[in-house]
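The values are calculated or read from the model by the stated rules, or taken from the named source; none is laboratory data. Keep in mind that this is a model prediction, so the values were computed, not measured. No Cβ is skipped: glycine too gets one built from the backbone with ideal geometry, and neighbour counts run over all protein chains shown.
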Amino acid sequence: MSVVPVANVRNFVILGHSGSGKTALTDAFAFRLGLNDRLGLTSNGSSISDTTDEEKSRRITIFASTFSKNYTLGDQEYKLTFTDAPGFRDFYGQILGAVHAADFALITVDATARVQVGTRRAWHICKENDLSSIAFVITGLDKENADFEKTVAAIRDNFGVSCVPVTAPVSKEEVINIMDQAELPPNLANIHTSLAESAAETSEELMNKYFEEGTLEPAEIRAGLLKGIQAGEIHPIYAAFPLSGVGIDPLLQSICRLLPAPGHRPQKDSEGNVILADPNGPFIGQVWRTAIDIFMGQLSFVRVVSGTLKPGMTVLNTTTDTKESIPAMMLLIGKKQIPVESAGPGDIVAIPKLKKTKTNHTLVGDGSATRMAEIQFPPPVTFVAIKAKTQNDEDKMSDGIHRLLNEDPTIQYEKQIETKEVLLKGLGDVHIDVAVALLKQQSNVNVNTFTPKVPYHETITGKGEGHHKHKKQSGGRGQFGEVYIRIEPLLEGDDEYFCNETVGGSIPGSFIPGVKKGIDEGMLAGALAGYPVKNVKVRLYDGSYHDVDSSEVAFKIAGSRALKAAMLVAKPVLLEPIMRLKITSPEAFMGAISGDMPNKRGRLLGLEVNGDIQTITAEAPLAELFKYSAELRSITGGQGSFVMDFIRYDIVPANIAQKIIAEADKHRKSDED
């Protein structure tokens, strides 16, 4: 590709509800620009965007795919870089990274389904991440019951009257640019008026002319739209038939003429300073996505913010303060790899084999120490326990999981101390399923998945005393240690959970550490169900010893067993983790969500309303939430989403605690047998 000035670079992300035509539009762009010699289709697995086995089998976009090609318009050459992002909520990390790397967004809206929850989500993601230049593309116009005007009305109802059509269909074979037409069909006359009004509102000069003459020239409308779109005050609407290619050229032409170049969306460093999109400035780039290729290894997708990047350069990773050599740069077009010799502001390139660079890291050239503001990825909401199927899988599992973590920052991995399980955490059950499949494909690791055990704790609600005399004689030197303790709930702010209150040398000082070790060991597995003990104050007040047979080990055993005896009389209870949830959904499903919360032993805390979208704040035990992602999807038809975080431990209701304790006793007896 020839070098294009930054003013003629267009970098955009394609967003929308899953199934709204995002990938079909991407395939239409790729075919028109010559990136593909045929029109790709998701229905037969030939899409240029959805190339992995998982994407083809599920028929959804899982990974953000970026494409780049020059496009000639008149005597000007433009470089178009566009990213097809997933629409499915489980792959929110890919969506967020793609939004972060773009200068403007196209949101697809199906002409039969119209505005859906994914449409609103795409809009809010852009707004929350300062991507103010947003356009809409109405697809599916060749479907039965498709209606362009009703879809325009739905967009304006949801996102405001600043959303105005720029192109419109006059038939299934023709899409026209409204501002360039001398005569319009009667049904489009009002649309032309709203277009002129929106353009006039961008300047006093245009407003005065519009009031005086009642209309504006196409060039004046275009100038007003350009100003309003780049300021994020006007949002153009386009019509397109991706499967037939109708409307694709008018859309590409309008993107080049109206939508912003790099620099109009402020790119900021970690301190909030704006970085200029200057190809002659120091190189600054950010890794917004990491992929693992079976043959090439790790690929780092870098958005160039400033300066120029070339193969052979040595750059500094300011996140890790390490240097990296750039061995090569490429564009990935489906399975094809196209070498790139130079990348400037707005470009996205894939770099192989960077050793210490991951998603969210900043790379800079000589003369810069900039660190970009990091993408704030959401916390996981779905947990599963995983276990290797064989010893061979066990040996490879750790490396395989770390590949997953490098590729997807929304996947988390934890070795649970309380339950001794290995947990894999993600943004939904489909997200987890895909992660497990990738573990197999990338690292040849097979795992079984289970619903995790709950990391319960044990504590006491009253006071109690415990005594144990450890005495053992088996010939030769024996073992002897006797301990008396009192326990009570540990008050908040009290860090001294163990106090030695013995007097008169009833237990020599050299054996006190042994008692404490025994208490610590006893707290790892409580008296009720074997869960860790929390928030207990232990006072050692008496004991006895033997001049010959006493040892630290004997007092350790006595301390541990005295703790268990004391807990049994101090009103012990089980504690469970309580999570705070923020559940977002259209208003129509709020009754069902609220009604389901008592079934989760949860309670509602508050409600926020933002148009038709409402957010419930609630709290519920983690034990009831392991499958909530799938359950909420079922309740809301896929239109609900939630985030959750841990807030506290609380007492398990007695009837549920009895079942947990009985199950623990059953497993304990089984282990003993």
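Can you tell which of 582, 534, 564 is farther than 30 Å from residue 499 by Cβ and not acidic (Asp, Glu)? Result of the check over 582, 534, 564: 582. The condition (being touching a Gly at 6+ places or on another chain (Cβ under 6 Å) and either assigned by TED's automatic domain parsing to the domain that holds residue 140 or more than 30 Å from residue 433 (Cβ to Cβ) (or both)) is satisfied by just one residue among 72, 61, 108: 108. Only one of the listed residues (71, 92) is within 25 Å of residue 343 (Cα to Cα) and either within 20 Å of the chain's Cα centre (by Cα) or surrounded by 16 or more Cβ atoms within 10 Å (Cβ to Cβ) (or both). That residue is 71.
Being touching a Leu at 6+ places or on another chain (Cβ under 9 Å), buried (at least 18 other Cβ atoms within 10 Å of the Cβ), farther than 26 Å from residue 622 by Cβ and at pLDDT 95 or above is a property that does not hold for residue 400. Can you confirm whether residue 310 is within 30 Å of residue 48 (Cβ to Cβ), charged (D, E, K, R) and out of contact with any strand residue (DSSP E or B) (no Cβ under 8 Å at 6 or more places or on another chain)? So residue 310 does not fit the description; no. Among the residues of the range 496-507, those that are assigned to a loop (DSSP other than H, G, I, E, B) and surrounded by 15 or more Cβ atoms within 10 Å (Cβ to Cβ) comprise 497, 502, 506, 507. Please tell me if residue 656 is under 30 Å from residue 533 (Cα atoms), more than 17 Å from the chain's Cα centre (by Cα), in a strand (DSSP E or B) and at pLDDT 90 or above. No, not satisfied.
Restricted to the range 601-621, and to residues there that are part of a loop (DSSP other than H, G, I, E, B) and of a type outside the set (Lys, Arg), the residue that is nearest to residue 585 (Cα to Cα) is 612.
Could you say whether any residue in the range 345-352 is more than 25 Å from residue 10 (Cβ to Cβ) and more than 21 Å from the chain's Cα centre (by Cα)? Yes, some residue in the range 345-352 is more than 25 Å from residue 10 (Cβ to Cβ) and more than 21 Å from the chain's Cα centre (by Cα). Of the numbered criteria (1) in contact (Cβ under 8 Å) with a residue 60 or more places away in the chain; (2) farther than 20 Å from residue 347 by Cβ; (3) not in a strand (DSSP E or B), the one residue 109 fails is (3). Scan the range 112-134 for residues that are within 21 Å of residue 66 (Cα to Cα) and in a strand (DSSP E or B) and the total you get is 1. Right, residue 434: at pLDDT 90 or above, touching a Gly at 6+ places or on another chain (Cβ under 6 Å) and part of a helix (DSSP H, G or I) or not? Spelling it out, it is not the case that residue 434 is at pLDDT 90 or above, touching a Gly at 6+ places or on another chain (Cβ under 6 Å) and part of a helix (DSSP H, G or I).
Scanning the range 201-243 for residues that are touching a residue at least 24 places away in the same chain (Cβ under 8 Å) and of a type in the set (Asp, Glu) yields a count of 2. Does the range 465-495 hold any residues that are in a loop (DSSP other than H, G, I, E, B), of a type in the set (Asp, Glu) and either out of contact with any strand residue (DSSP E or B) (no Cβ under 8 Å at 6 or more places or on another chain) or closer than 14 Å to residue 562 by Cα (or both), and which are they? If the condition is that a residue be in a loop (DSSP other than H, G, I, E, B), of a type in the set (Asp, Glu) and either out of contact with any strand residue (DSSP E or B) (no Cβ under 8 Å at 6 or more places or on another chain) or closer than 14 Å to residue 562 by Cα (or both), then 492, 495 are the ones that fit.
Among the residues making up the range 583-614, those that are crowded, with 17+ Cβ neighbours inside 10 Å and either assigned by TED's automatic domain parsing to the domain that holds residue 423 or polar (S, T, N, Q) (or both) are 584, 585, 614.
For the range 546-566, taking the residues that are part of a helix (DSSP H, G or I) and not hydrophobic (A, V, I, L, M, F, W, C), the one that is surrounded by the most Cβ atoms within 10 Å (Cβ to Cβ) is identified as 559. Taken over the range 135-156, the criterion of being in contact (Cβ under 8 Å) with a residue 24 or more places away in the chain and part of a helix (DSSP H, G or I) is satisfied by 148, 149, 150, 151, 152, 154, 155.
For the range 255-285, the set of residues classified as touching a Leu at 6+ places or on another chain (Cβ under 6 Å) and of a type in the set (A, V, I, L, M) consists of 258 only. Per the conditions (1) in a loop (DSSP other than H, G, I, E, B); (2) over 13 Å from residue 561 (Cα atoms), the sole criterion not satisfied by residue 510 is (1).
Filter the range 418-431 down to residues that are among the acidic types (Asp, Glu) and not in a helix (DSSP H, G or I) and give me whichever is farthest from residue 631 (Cα to Cα). Looking at residues that are among the acidic types (Asp, Glu) and not in a helix (DSSP H, G or I), I get 418.
For every residue, the table says whether it meets (1) surrounded by fewer than 16 Cβ atoms within 10 Å (Cβ to Cβ); (2) out of contact with any Phe, Trp or Tyr (no Cβ under 8 Å at 6 or more places or on another chain); (3) assigned by TED's automatic domain parsing to the domain that holds residue 98.
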residue: 407; (1), (2), (3): no, yes, no
residue: 414; (1), (2), (3): yes, yes, no
residue: 427; (1), (2), (3): no, no, no
residue: 432; (1), (2), (3): no, yes, no
residue: 439; (1), (2), (3): no, yes, no
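When the strands (runs of 3 or more DSSP E) confined to the range 238-355 are screened for residues that are loosely packed, with under 15 Cβ neighbours inside 10 Å and either at negative phi or small (Gly, Ala, Ser) (or both), those reaching at least 2 such residues are found at 322-325, 336-339. Could you tell me whether any residue of the range 364-380 is within 25 Å of residue 632 (Cβ to Cβ), assigned to a strand (DSSP E or B) and among the aliphatic types (A, V, I, L, M)? No, the range 364-380 has no match at all. Taken over the range 567-593, the criterion of being outside any strand (DSSP E or B) and more than 25 Å from the chain's Cα centre (by Cα) is satisfied by 567, 568, 569, 570, 571, 588, 591, 592. The residues of the range 65-97 that are assigned to a loop (DSSP other than H, G, I, E, B) and touching a strand residue (DSSP E or B) at 6+ places or on another chain (Cβ under 8 Å), listed by number, are 85, 87.
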